[in-house]
Every structure is written in C-alpha cells, then in structure tokens.
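Everything below concerns the one structure shown next.
The values are calculated or read from the model by the stated rules, or taken from the named source; none is laboratory data. In this text the structure is predicted, and so the values were computed from the model without any measurement. Methodologically, a virtual Cβ is constructed for each residue, glycine included, from the backbone with ideal geometry; neighbour enumeration extends over all protein chains shown. What goes into the accessible areas is simple: the full protein's heavy atoms, side chains included, and nothing from ligands, DNA or RNA. Shrake-Rupley method; radii C 1.70, N 1.55, O 1.52, S 1.80 Å.
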Amino acid sequence: MGGRLARVFRTFNVESRARREISKEKPTPAPRHPTSRLDELADHPEIQEEIHRKDDRLLALLKDVYVESRDSPVRVKDGGGEHLPCKQEEKRLTKLGHMGDLDVQKVPKGKISIVEALTVLNNHKLHPQIWTAEKIAVEYSLELKEVNSLLEFFIPFAVQEFPKETKKAIKPT
C-alpha cells in the first residue's frame, strides 16, 4: 500500500516538472584567465620563434661546465634488479601429514600447522606428563610462552559415542 502511494506522488505532474526544469536558464561558466588560453600562443609566430631559438651565449656557458666526481665507483650487482629483497625465514619440515600433496610441507620456525596444533593439543591432553610445554617448545621450535598460552586457551573437543538403545533394552512401562 505504501509503495503505491509513494509512486502516485512521485509520478504526479511529471511532464510539467520536467519541462520547467529543462526550460530553466543554464548557469554561465566562470570567465577564464587570459593566460590559460593556449590557442593564443599558436597565433603569434614571434612567440613560437622565441621558444625554438637557441641562445648562443647560454649554450657557450653550458659547454664550459665540467663536473668532476671524486667518489669511488659503486659496484652494482648484475641480475638482481627486478627482485626486491625479502626477509629470509628459516623453515622446518612438518612432522605429520596424511593428505599427501595437500599437506603443508614446510612451516616457518616459530609456527605450526593446523594438523600439528591439533596433534600437540591431543598429545598433551592424553599424556600431560610426557608432552610438557617445554618438550613441545623444543620439538616444534616454538617459544615457551606461546606454547603455555596454546595449552591454556585451546582445548580439543572430546568425542563421546553413546551406545544406541536397542528394542530389547527398552522396557515398556
């Protein structure tokens, strides 16, 4: 209902409003500065001649200029111009992976893959005396503070399966 009413007001007297808007006098543009007109320079051949003429006095002064460099020549390496320098990171091979080519093969030191993180969390949950934070930090090249945070704030899910009740187990009451 509201859309129909809005359309009625929007289309009311459209043609006369459009004619009124079209017949309005257009605003005149601001006057241009006389030096901004480049076509006037093309009309005067004296100005064009002055632009293209060589000044012998200035040319002689330019020929007298001699630059002498005393710095030792800088050696430039060949072939390295198109590549920007990048930070070299040490990488380590991952410990796990069951997906073959889809697995992450190399991980920067100080980081672990998702599969490794889940394995670390699960190992620590099952055997906390063996998989301590110090051992995990050494094994995966991590900082001890980050490993402690990982073990404190991330807990893997525990999957529990409940046996399905059979018809024999259900006793009518």
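Here are some notes:
- Some residue of the range 35-53 being open to solvent by less than 100 Å² (accessible area, probe 1.4 Å) and modelled with pLDDT of 90 or more: no
- Listed conditions (1) in a helix (DSSP H, G or I); (2) at pLDDT below 85; (3) over 31 Å from the mean Cα position of the chain (by Cα) are all met by Asp101, apart from (3).
- Pairs where the first residue, in the range 129-155, is open to solvent by 90 Å² or more (accessible area, probe 1.4 Å) and the second is in a helix (DSSP H, G or I), C-beta under 7 Å, 6+ apart: Glu134/Leu144; Glu143/Ala137; Phe154/Leu121
- Among residues of the range 44-55 that are outside any loop (DSSP other than H, G, I, E, B), those with a Cβ under 8 angstrom from a residue that is at pLDDT below 85 and open to solvent by less than 100 Å² (accessible area, probe 1.4 Å), sequence gap 6+ or separate chain, pair up as Ile47/Leu41; Gln48/Leu41; Gln48/Ala42.
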